[in-house]
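The structure follows.
The values are calculated or read from the model by the stated rules, or taken from the named source; none is laboratory data. Remember, it's a predicted structure, so these values are computed and weren't measured experimentally. Methodologically, a virtual Cβ is constructed for each residue, glycine included, from the backbone with ideal geometry; neighbour enumeration extends over all protein chains shown. Surface areas here come from the heavy atoms of the whole protein model, side chains and all, with no ligands, DNA or RNA. Shrake-Rupley method; radii C 1.70, N 1.55, O 1.52, S 1.80 Å.
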Amino acid sequence: MENKVEIVSCETLMTTEYPSTQYCVETLIGTGCYIVAGVPKIGKSKLALDLCVSIAKGEKAIGLPTSKGAALYLALEDPYKRLQNRLYELLADPVENLFFCIKTGGIGGGLEKAVEDFYEQHKDLKLVIVDTFQKVRQLRESSYATDYQEVSAVKELADKLGITIILIHHLRKQHDKDPFNMISGTTGIRGCVDGAIVLIMKDEYTHTVTLHAEGRDIANRKMELQLDKDTQRWKLIADDLTEPEHFDDEVVTAIAAVIKQEKSFLDTATVLTEKVNSLTQKQYEPRMVSRIMTQNQTRLEALGILFERRHSNGKRKLSIEYIDSSADGDDSDDETAVGIQTDSDPCANPLPA
């Protein structure tokens, strides 16, 4: 029996609130399949173990917040003795929710079942690291089709369980000005993963590396990391993404302030955007405001902002209402609570830049 093909309309796709991207390392590594590549001995495994420890403890990793949960490290090139030595370099006491395995089946030969079985026992699983990707690959000639097929199997597993799976991999010896082109294998690998991280040595004496990152749900960025000789953990030295452009919070706050002041609104997204821009002193586009409203509908509802889209006189309009849920008249979610005071002139109190 053939699988039924699901087809959705443009309007349905643009007006449905889908779950937001979840990150195991904020702004850098989301759910899905990621690849971390570098030359031998650059510190890929140290980074892998650092990520696992940080997530299991709920601590920052390379300067970024993490989502606490279980972490499984498939150290397929190391004996337990070597892992034990590395752990003692990082930890004084054992960490809960941190697990290791040094032997498993390959892709299509037991890897997927092993991870699924582990997930059934640890529903808080956030991260699985496969060190290395080569150890779970099928023994056949690499081509775009085989590379894409193998990574797709891992990606499907990550998506199915809602977790992050990181494949530790190698770089080609041949240099390229685009570091992602140096990932060993065909472009089928880069094309299939949700994100790629490449480590390039910057200074061997100080063991400083440049981390290059790209992905579907992350911004392209470069980070400079240095291996701390005392703690054997990577520390952040510099990050060119010092101010990630996350506008959602500001726009949600502004919409809430506008509607709480007006109580109701029936007009186009363009008119609403003009009010938001007047309040924030920014120049947001109507399509961005529409996107943020759709993707943050639950957040707006929690603030008492209910909206729906209507067709009126041949125009698409937004019908928005403010429902005051406070019983005693003391609205803890009023405009001052979201950082905006209301006056007759909403421009008199713009949001801070």
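Which condition from (1) free of Cβ contacts under 8 Å to residues at least 40 places away in the same chain; (2) under 30 Å from LEU306 (Cα atoms); (3) within 16 Å of the chain's Cα centre (by Cα) is the one that ASP248 breaks?
ASP248 satisfies all of (1) free of Cβ contacts under 8 Å to residues at least 40 places away in the same chain; (2) under 30 Å from LEU306 (Cα atoms); (3) within 16 Å of the chain's Cα centre (by Cα) except (1).
Which numbered condition in (1) open to solvent by 40 Å² or more (accessible area, probe 1.4 Å); (2) of a type in the set (S, T, N, Q); (3) at pLDDT below 95 is the only one that GLN121 fails?
Going through (1) open to solvent by 40 Å² or more (accessible area, probe 1.4 Å); (2) of a type in the set (S, T, N, Q); (3) at pLDDT below 95 one by one, GLN121 breaks only (3).
Scan the range 178-214 for residues that are touching a Leu at 6+ places or on another chain (Cβ under 9 Å) and on the phi > 0 side of the Ramachandran plot and report the count.
1
What tally of residues in the range 70-92 results from selecting those that are open to solvent by less than 40 Å² (accessible area, probe 1.4 Å), of a type outside the set (A, V, I, L, M) and in a loop (DSSP other than H, G, I, E, B)?
1
Look at HIS169 and say whether it is under 19 Å from GLY30 (Cα atoms), open to solvent by less than 60 Å² (accessible area, probe 1.4 Å), of a type outside the set (Ser, Thr, Tyr) and touching a strand residue (DSSP E or B) at 6+ places or on another chain (Cβ under 9 Å).
yes
Pick from the range 52-66 the residues that are open to solvent by 10 Å² or more (accessible area, probe 1.4 Å) and in contact with a helix residue (DSSP H, G or I) (Cβ under 7 Å, 6 or more places away or on another chain): which of them is nearest to THR27 (Cα to Cα)?
THR66
Can I ask one more? Among the candidates GLY110, GLY105, GLY63, single out the residue that is farther than 28 Å from ASP239 by Cβ, in contact with a Leu (Cβ under 8 Å, 6 or more places away or on another chain) and modelled with pLDDT under 95.
Matching residue, one of GLY110, GLY105, GLY63: GLY105.
Limited to the range 111-153, what total is found for residues that are touching a helix residue (DSSP H, G or I) at 6+ places or on another chain (Cβ under 7 Å), within 16 Å of LEU76 (Cα to Cα) and part of a helix (DSSP H, G or I)?
4
Another one. Applying the selection to the range 172-199, what residues are surrounded by fewer than 20 Cβ atoms within 10 Å (Cβ to Cβ), in contact with a helix residue (DSSP H, G or I) (Cβ under 9 Å, 6 or more places away or on another chain) and over 18 Å from THR31 (Cα atoms)?
The answer is ARG172, LYS173, GLN174, HIS175, ASP176, PHE180, ASN181, SER184, THR186, THR187, GLY188.
I'd like the residue in the range 206-257 that is β-branched (Val, Ile, Thr) and outside any helix (DSSP H, G or I) and, out of all such residues, is modelled with the lowest pLDDT.
THR242
Identify all residues within the range 285-310 that are more than 16 Å from PHE265 (Cβ to Cβ) and either free of Cβ contacts under 8 Å to residues at least 24 places away in the same chain or not β-branched (Val, Ile, Thr) (or both); write none if there are none.
GLU285, ARG287, MET288, ARG291, GLN295, ASN296, ARG299, ALA302
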